[in-house]
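This report concerns only the one structure given below.
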Amino acid sequence: PDTSISTEICSSKEELSNNSDNRGKDYADHDSAEFSLCNDEEEYNDMDDSRLPLPGRESHTCDLDQFDFYLNEIRALKRHNSEAPFDEILWRFIRSQLEKAKPVGYEELSDSTAVVAKGPQDNAEVATGILNPIHPNLIADQTSIPLEQVLTELLYATKSGMMSLKLAPDCKRCGSMVCVLDKFGKLPKGAYCEGCRYYNLLDSTSKIKVIFLLNNDVFYVLAENFACQPSKASLAATKVFAMVPATFSGSGFRYSIGCGGDKMMAPALRAGRYRMHCPVARTDCYLVVERDASGKDEPLELPLHVSDFVCRNVNDKCKTLHAAHGKVHMDVFTDTKSFFVLWVQDDLDDETLLFLPREERKPFTTCMQLIHNMTFERLFSDDTEMILARALERMSKIEEEEPKKNNKMRKLEDGTSCRECV
């Protein structure tokens with residue numbers, strides 16, 4: 001096979017732009033040290049060892065015996081007289097979802113340089129999505145159990161050690177989780193989204209999601225970040241989409257484009273530039289196809305080591321892959337030890353590819369709903385009351401100041417607007 005493929009790093013911010021959309025521009029005003037960012041290396045570390053691949057354990061697998069053990073622990077916890085008793089219906093529902101868990105890991109090879117061919121039949125939807133992470137409001141909708149009662153059960157599960165409670169600000173651009181925190185005291189004033197690198201001012205508790213994560217001993221998911229919900233416009237621009245699990249040995253998987261046969265993921269790519277972005281493994285890069293493929297062309301081999309394309313920080317430079325034509329075997333090596341999405345799209349502006357309109361976003365349980373829950377106040381408020389009060393005070397000040405800033409906008413005669421200098 002032809003291996004005439006090269007990789008280069010974009011040398012300027014201009015090369016990161018397309019259709020006059022410069023990704024660096026969105027963040028230019030937020031480089032000052034006064035912002036406490038969630039991806040500050042001193043406060044937030046990379047994926048810890050507990051999330052690395054476990055030998056002999058495939059991603060998206062559950063241990064029902066361990067789940068039942070924790071369930072007995074939850075039953076034994078003493079509840080306040082005003083709280084509802086242990087809810088059998090809710091826990092039967094969660095157990096039924098765990099029973100649907102199917103491994104998404106593929107066979108791995110002892111040779112870390114070898115690949116296994118995969119096709120559309122290996123790209124099945126994950127049936128346990130409602131559990132990774134757990135959104136209380138979605139559980140309430142599925143079971144018709146009141147949200148307050150669902151929260152009570154999940155909080156007792158947290159107390160038992162079955163799961164953990166997390167706070168995740170909603171990204172104003174992609175709708176994914178800006179960052180995932182386990183303490184109110186870690187809520188920063190602003191943060192760059194770990195999925196799309198858009199800067200978010202964290203100015204309201206109504207924009208902070210409450211999620212719960214099952215422990216690995218109950219439900220094991222190997223992923224560094226959570227998948228985002230793409231918009232309808234983004235899906236329309238998609239050429240290739242494949243879910244690629246991590247392996248313990250480091251061996252890879254082959255995804256064929258335009259190569260024929262039952263393993264072909266998509267038709268050959270036409271000449272042009274494409275965007276390859278994965279919010280789960282936090283990668284971002286471009287693929288340039290030099291020309292349309294002809295019937296005489298042999299497939300190219302394109303090795304893709306995920307670690308080469310990770311973009312954690314806003315100023316990380318995107319790399320560009322080059323292929324002589326559009327018949328390609330993409331050999332993906334998930335060497336970051338995280339689930340990866342091979343996602344090839346037309347290279348459109350960020351507004352089209354990354355922005356999720358409000359009407360397409362799913363509702364979520366907010367931080368305010370959590371802190372007003374009686375069980376949360378009883379089980380956890382002693383540790384968080386003072387810290388939370390400071391966070392709420394800061395956010396309320398920001399909310400009060402924002403309308404004043406908006407009032408300083410004035411319309412020009414030609415219909416455009418600008419902000420008055422103050």
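Within region 266-311, the set of residues being farther than 15 Å from LEU353 by Cα and part of a strand (DSSP E or B) comprises ALA266, GLY272, LEU287, VAL288, VAL289, LEU300, GLU301, LEU302, PRO303, LEU304, HIS305, VAL310. Among the conditions (1) touching a helix residue (DSSP H, G or I) at 6+ places or on another chain (Cβ under 7 Å); (2) in a helix (DSSP H, G or I); (3) open to solvent by 10 Å² or more (accessible area, probe 1.4 Å), the only one that ASP217 does not satisfy is (2). Can you confirm whether PHE340 is within 26 Å of ILE130 (Cα to Cα) and surrounded by 22 or more Cβ atoms within 10 Å (Cβ to Cβ)? Yes; evaluated as a whole, the condition is true for this residue.
Residues in region 261-293 that are at positive phi and open to solvent by 40 Å² or more (accessible area, probe 1.4 Å): 1 in all. When GLN229 is tested against (1) closer than 30 Å to SER82 by Cα; (2) within 13 Å of the chain's Cα centre (by Cα), only condition (1) is not met.
Hey, can you tell me all the residues within region 312-330 that are surrounded by fewer than 21 Cβ atoms within 10 Å (Cβ to Cβ) and not in a loop (DSSP other than H, G, I, E, B)? Selection gives LYS319, THR320, HIS322, HIS329.
Does region 142-153 contain any residue that is β-branched (Val, Ile, Thr) and open to solvent by 20 Å² or more (accessible area, probe 1.4 Å)?
yes
Condition first: at pLDDT below 90, open to solvent by 20 Å² or more (accessible area, probe 1.4 Å) and either in contact with a Lys or Arg (Cβ under 7 Å, 6 or more places away or on another chain) or of a type in the set (S, T, N, Q) (or both). Now tell me which residues in region 95-136 satisfy that. Residues satisfying the conditions are TYR106, SER110, SER112, GLN121, ASN123, ALA127, ASN132.
Reported count of residues in region 347-366, each being open to solvent by less than 30 Å² (accessible area, probe 1.4 Å), farther than 18 Å from LYS207 by Cβ and either in a loop (DSSP other than H, G, I, E, B) or of a type outside the set (Asp, Glu) (or both), is 2.
The values are calculated or read from the model by the stated rules, or taken from the named source; none is laboratory data. Quick caveat: nothing in here was measured; it's all calculated off a predicted structure. Note: ideal-geometry Cβ built from the backbone for every residue, glycine included; neighbour counts use all protein chains shown. Keep in mind that these areas ignore ligands, DNA and RNA; they rest on the heavy atoms of the full protein, side chains included. Shrake-Rupley method; radii C 1.70, N 1.55, O 1.52, S 1.80 Å.
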